[in-house]
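See structure below.
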Number of protein chains: 2
Amino acid sequence: MAVDNRQADASEESLHRIFTVPEAPDSTLGRIEKEISENLNAFLQTHIAAREKPLAEIEKDFLSADIPESPSFVSEHTHFLLDKLVAQSVHTSAPSFIGHMTSALPYFLMPLSKIMIGLNQNLVKIETSKAFTPLERQVLGMLHNLIFNEEEAFYQQWMHSANHSLGAFCSGGTVANITALWVARNNALKPDGEFRGVAQEGLFRAMKHYGYDDLAVLVSERGHYSLKKAADVLGIGRESVVSIKTDDNNRVCLDELNKTLDSLKARNIKPFAIVGVAGTTETGNIDPLEQLADIAEQHGCHFHVDAAWGGATLMSNKYRPLLKGIERADSVTIDAHKQLYVPMGAGMVIFKNPALMTAIEHHAEYILRKGSKDLGSHTLEGSRSGMAMLLFASMNIISRPGYEMLINNSIEKAKYFAQLIESNPDFELISEPELCLLTYRYVPEATQRALKIATPAQKEELLDALNDLTKFIQKKQRESGKSFVSRTRLTPAKWGRKITTVLRVVLANPLTTDKILNDVLCEQQTLAAESEFSFPKIISLTKTILDKQ
Amino acid sequence: MAVDNRQADASEESLHRIFTVPEAPDSTLGRIEKEISENLNAFLQTHIAAREKPLAEIEKDFLSADIPESPSFVSEHTHFLLDKLVAQSVHTSAPSFIGHMTSALPYFLMPLSKIMIGLNQNLVKIETSKAFTPLERQVLGMLHNLIFNEEEAFYQQWMHSANHSLGAFCSGGTVANITALWVARNNALKPDGEFRGVAQEGLFRAMKHYGYDDLAVLVSERGHYSLKKAADVLGIGRESVVSIKTDDNNRVCLDELNKTLDSLKARNIKPFAIVGVAGTTETGNIDPLEQLADIAEQHGCHFHVDAAWGGATLMSNKYRPLLKGIERADSVTIDAHKQLYVPMGAGMVIFKNPALMTAIEHHAEYILRKGSKDLGSHTLEGSRSGMAMLLFASMNIISRPGYEMLINNSIEKAKYFAQLIESNPDFELISEPELCLLTYRYVPEATQRALKIATPAQKEELLDALNDLTKFIQKKQRESGKSFVSRTRLTPAKWGRKITTVLRVVLANPLTTDKILNDVLCEQQTLAAESEFSFPKIISLTKTILDKQ
């Protein structure tokens, strides 16, 4: 309340005022907006990952569980937000923030997002969204076209068809994956004779009706953690997500997959879905989708491709072949808030066959009536914002060739960084970039030599110390705030499948330069030497081993 | 691309430019933003529900499934959006749009939402959200406090505790309800001896381990449709949501509930959750929560309260007693994008006991490590935006007494409208407002008299015609675009539980005036007479009945 300079109060009049559009362009709110914009621009132009401040310190500004009994001025509260929230946020768009799948965004989304917030449409039903519903249906159609490339007549028939949906826009890849497996589960345990289907009767009766001892979803050990979460939510159980070993390039082993399928069937366990990963979260590798499609077809499994990350690569004519076979998927997850460069909250699941989502269709008395074009009858979520609009705008303004350039540049930047790492004797590349992700770690050149001749016990000790050192470097670099890479744990064949802590970078930000990549390595080299325990240990162990040579 | 006046192109340079913050305040993007703001302000100030244009016409602007091969200027595309999207959107914030739970929003959220979009934080983990994580934890704490009102020490202990979470911020009430029932299901079928719990082993094995024949969730027949969807998703099955009859005020019948519980138990069916409705979507009535808490306790059920709509009433000291008993719930759903007046996409589920959510905890190698304060380890969704910020700002700027005034005014406006309906001889109030929702219909005064003396067959015929007429009025009013009320179907005791189509209004918008409410009724009266079939039929039937008197 109280956008002017009088005492902040909760009078009827001031309450009414806050809901009213200000008439004057030079209103107090106009001034506040200008201040926010300037502050945000300054923030976005600052090329650091984050300001160093311990979390415990930040928490002190967010301690009270009381809802204030007296109102604040908008200006006053804005200052609080700028000082205590914005200043202590992460520069996810900084060119040196290369640790997660966030990037700088096209700046035109800032003004355009005003339309989304201001109109506040609810996409669950036409009555509260009108033109936003055809727009979202078109966006789903465009993505369907990108993935499955059907004839124009297909889209004219299905894109705006009441009772059908080519997919669902949702808050993110996790909901998309849950939706895909929900559809797959319901189709695998569909109505049959007197049995009214798992959607109506539930899993327990479905399993008894079909006579299976268990269900299974198969995915490589690099599958995203949301798949296990989906299995938990869907009542299948986390253990039903069967992890298939990967090869040296983090791609699912097809032999293992076939063997596992046979073994499951022999045990009367129904494998109802195979998930191909198109861009693993940790290393950016892509499963052999064509062969997975064959196997899924042969075994009558729903074939889902989790392309939350890699799906955007389809925009690139040059790299599209990496995802060959995706057009045979039954469903595909893709996140627009990843490499389609729109803000957080833009996930999608797309179904090849417009009839597939019937398995999860639902209605209500007051909305989603049969025959309506309400999108809400085929979504896991209920009320939803008009986020699809930002993807629509981006696809029109950037265009496919623009996206291709962004994708190609990011992959080529990753290849450059891989070369940089390989040409530096003190680093070890762990996973080659296939998309714009790669993993590596710092290993002093002498230690690399020592590892080759170490006894098994020495090797074990060295590798443990290297894991500690990698963790140390990653944390230190994050804390120092100049740049940010993430870390994860992999089991590289080179190191006998031993759990190995690695540094992980995602090179999606178009503003990241070669110089920044050089600086990141340089800083890591410097930080390593600051480690009080693992670095001296590694040096001394290395010396012991090499001295004995 | 191409924010300036040169040919739109996809060159490296122009691509780079769109990701860069413009330096000059009078940049092209600055001008575009100004134009959008002016257009939006004009839209928001237009007091109509929607412009009349058939959906098929609107769809013509959204027909192609092709992703453009050439880029558009931002200015050019903005004009497309303003002409084809904004102009054809629903004025959800118009004071005469009283059909759904959308309202005008505080205007200060427009500038503040820039912070959310611009910073593009990802709340799944601290590494991409930093200060936003403590802020969201505080918001969850504030809502917990509003509902459960624990001591300050409780919040100091749990609000920022790693490994704990007082709830989950999510995209909306549906995900909140799914999350609550997910937790309830996992706790009901928790690890036990050698059984590793439903989360790990799935429902089929869980049911065999515990020896139940089925599961059940109990809720009144007015429960939101998302509960059946949740049961489908969770593998329990839609039929496991047992609908309990309601009394004349749309509140769950406790006798029926007790009888049903006994009958379920006698049939070896485990009722694991009882859901109380605090603000039914269709009529705004509140279940007797205190008694439900007793029953849930007695039967060892998880007690969930779906207060997606009514939860905001807790802000009002005057009307808070309507929700007495909610403080005994195990979990509560509340939507901030409803009567807490923030934009779409702000649902929450709050758990009384900070340990409850452990039942759905999950981790991953690259994030959500044990001991981290990452919020993502207890959410159904993965990546999420910083939406909690807008609720935080609203609670600070409006304050609790400000919200109280908004809530009280909306309830009192509903009472005024109910009086208006009752004092008009041609209308029939179907459900009295308890919160700011009510239902009614148009029934000519003579017809009301005729219904009292009609034979059962005549009555049946009249009531059917009235259903048709109500539907006609609602559709016509929506199409004419001046105002909007919604419709639903209820089974009022007064009409022998016959399915009755009713008009439904939600009076949440602070800008809705008494005059608007008068005009809405007036328009409905006029529209009724325009019906070519049902109105003449009603008049003639009425005449026949009254003439025979």
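Laboratory data are not the source of any read-out in this text; all were calculated from the coordinates shown. Please read all numbers here as calculations on a predicted model, not as lab measurements. With ideal geometry, Cβ positions are generated from the backbone for all residues, glycine too; neighbour counts draw on all protein chains shown.
Between the alpha-carbon centres of the range A:300-370 and the range B:523-549 there is a gap of 51 Å. In percent, rounded to a whole number, the relative contact order of chain B is 18, using alpha-carbon pairs under 8 Å and six or more apart. When the Cα atoms of chain B are aligned to their principal axes, the ranges along those axes come out at 82, 71, 47 Å in descending order. In whole Å, what is the distance between the alpha-carbon centres of the range B:146-178 and the range A:442-458? One Cα centre to the other: 49 Å. Inter-copy label distances at residue A:423, shortest first and taken from points set 7 Å along Cα to Cβ: 8.6 nm.
Only bridges with both residues in the range B:122-385 count here: give the DSSP antiparallel percent, nearest 5.
On the way: 12 of 30 bridges.
Bridges in the range B:122-385 that DSSP calls antiparallel: roughly 40 percent.
Projected label points at residue B:69 and residue A:45, each 7 Å from Cα along the beta carbon direction, are separated by 4.0 nanometres. Counting DSSP beta bridges with both partners in the protein assembly as shown, what percentage is antiparallel, nearest 5? The antiparallel proportion sits near 55 percent.
Counting only other chain Cβ atoms within 10 Å of each residue's Cβ, the peptide A:372-383 averages 5. Per residue of peptide A:132-138, the mean number of Cβ atoms on other chains within 10 Å of the residue Cβ is 6. Residues within the reach of a label modelled at residue B:464 (point 7 angstrom out along Cα to beta-carbon, backbone nitrogen below 16 Å), restricted to the range B:527-549, are B:533-542. Between residue B:248 and residue A:453, the simple label model (points 7 Å from Cα in the Cβ direction) yields a spacing of 9.7 nm. Here the alpha carbons of the range B:1-88 define both size measures, Rg and Dmax, at 15.8, 45 Å.
For residue B:194, the label point sits 7 Å beyond Cα toward Cβ; its separations from the matching points on the remaining copies run 3.3 nm, from shortest to longest. For the pair residue B:153 and residue B:34, the difference between a 0.36 nm per residue extended length and the Cα-Cα distance amounts to 38.0 nm.
The mean number of Cβ atoms from other chains found within 10 Å of a Cβ in peptide B:68-78 is 6, as a whole number.
In this assembly of identical copies, the label point of residue B:163 (Cα plus 7 Å along Cα-to-Cβ) is separated from its counterparts by 5.4 nm, sorted shortest first.
Multiplying the sequence separation of residue A:499 and residue A:370 by 0.36 nm and subtracting their Cα-Cα distance, what value in nm do you get? All intermediate terms of the calculation are to be shown ahead of the outcome.
Numbers: separation 129, 0.36 × 129 = 46.44 nm, distance 5.28 nm.
Residue separation times 0.36 nm, minus the Cα-Cα distance, leaves 41.2 nm.
Loop-resident trypsin sites (Lys or Arg not before Pro) (DSSP state other than H, G, I, E or B) in the range A:292-334 with no more than 15 further Cβ atoms inside 10 Å of their Cβ: A:318, A:324. Applying Stokes-Einstein at 25 °C and 0.890 mPa s to the Kirkwood radius of the range B:401-547, computed over alpha-carbon pairs, gives a translational diffusion coefficient of 155 µm² s⁻¹.
Candidate cross-link partners of residue A:482 among the aspartates and glutamates, defined by an alpha-carbon separation under 17 Å and a same-chain spacing of 8 or more, comprise A:52, A:514, A:519, A:523, A:530, B:127. Percent of C-alpha pairs per 5 Å bin in the range B:214-302, short distances first: 3, 15, 27, 26, 20, 8, 1.
Per the Kirkwood definition applied to all pairs of different Cα atoms, how many angstroms is the hydrodynamic radius of the protein assembly as shown?
Working: mean 1/r = 0.0330 Å⁻¹.
Mean inverse Cα-Cα distance, inverted, gives 30.3 Å.
Report, in listed order, any pair from A:245/A:498; A:452/A:476; A:84/A:476; B:60/B:471; A:245/A:415 with a Cα-Cα distance greater than 20 Å.
Details: A:245/A:498 14 Å; A:452/A:476 29 Å; A:84/A:476 23 Å; B:60/B:471 27 Å; A:245/A:415 26 Å.
In this structure, A:452/A:476; A:84/A:476; B:60/B:471; A:245/A:415 exceed 20 Å between Cα atoms.
Considering only Cα atoms, the convex hull volume of the range A:12-169 works out to 208 Å³ per residue. Here the gap between residue B:318 and residue B:13, fully extended at 0.36 nm per residue and compared with their Cα-Cα distance, gives a gain of 103.7 nm.
Residue-level result for chain A: its Cβ closest to the axis carrying A onto B, with that distance in Å, is A:235, 1. The sum of -39500 (n - 2.57) across all DSSP H runs of n ≥ 4, divided by the residue count of the protein assembly as shown, sets its helix-only mean residue ellipticity at 222 nm to -13500 deg cm²/dmol.
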